[in-house]
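The values are calculated or read from the model by the stated rules, or taken from the named source; none is laboratory data. Owing to the predicted nature of the structure, the values given are computational and were not obtained by experimental measurement. All Cβ positions, even for glycine, are placed from backbone atoms using ideal geometry, and neighbour counts span all protein chains on display. Accessible surface is based on the protein model in full, side chains and every heavy atom, while ligands, DNA and RNA are left aside. Shrake-Rupley method; radii C 1.70, N 1.55, O 1.52, S 1.80 Å.
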Amino acid sequence: FQQRYLVKTGRVEVQGGGSVGFGDSLMNHTALEAAAFYHINESWALGISGAKWSGEESERFKRVQSDFGLFPERSVLQAGGFLEAQWSPVFAKFTTFGLGIVQFDAFLSGGGGVVRTLNTEDLKAAFSVGGGIRLHVLRWLTL
């Protein structure tokens, strides 16, 4: 049996990334995101995450306004912060054509927090749900 060369228990994970929204036909959003997680054990992690959004109304939004005189209730997101939990039920490894063995784990995440929009300075409650796969390519680098 090959040993696991990466043990997550007690580790701090720092993440950076971005996203582009595709689901909303009336708004176009992009985001820069950052997060930090502490792995309690091999399956569970707790952390914080934040996002800074940039958004604008789409051409479809503007057509709805001009063609029908309607003002759809949409708001451009500005920023948000969340407390999250991650659960990693799957841990496995695969070989890369004899070059080495890559370990990976799949995770589900969820949490709650607040967001701010351009419509108001008030913070609004929000939740996050997600999932993903980590490829542990080096002891200090995960994709």
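Criterion first (under 27 Å from Leu6 (Cβ atoms), touching a strand residue (DSSP E or B) at 6+ places or on another chain (Cβ under 7 Å) and at pLDDT 80 or above) does Ser49 satisfy it? Here the answer is yes, as Ser49 does meet what is asked. Please go through region 23-62 and give me each residue that is assigned to a strand (DSSP E or B), open to solvent by less than 60 Å² (accessible area, probe 1.4 Å) and over 21 Å from Phe127 (Cβ atoms), ordered by number. Selection gives His39 alone.
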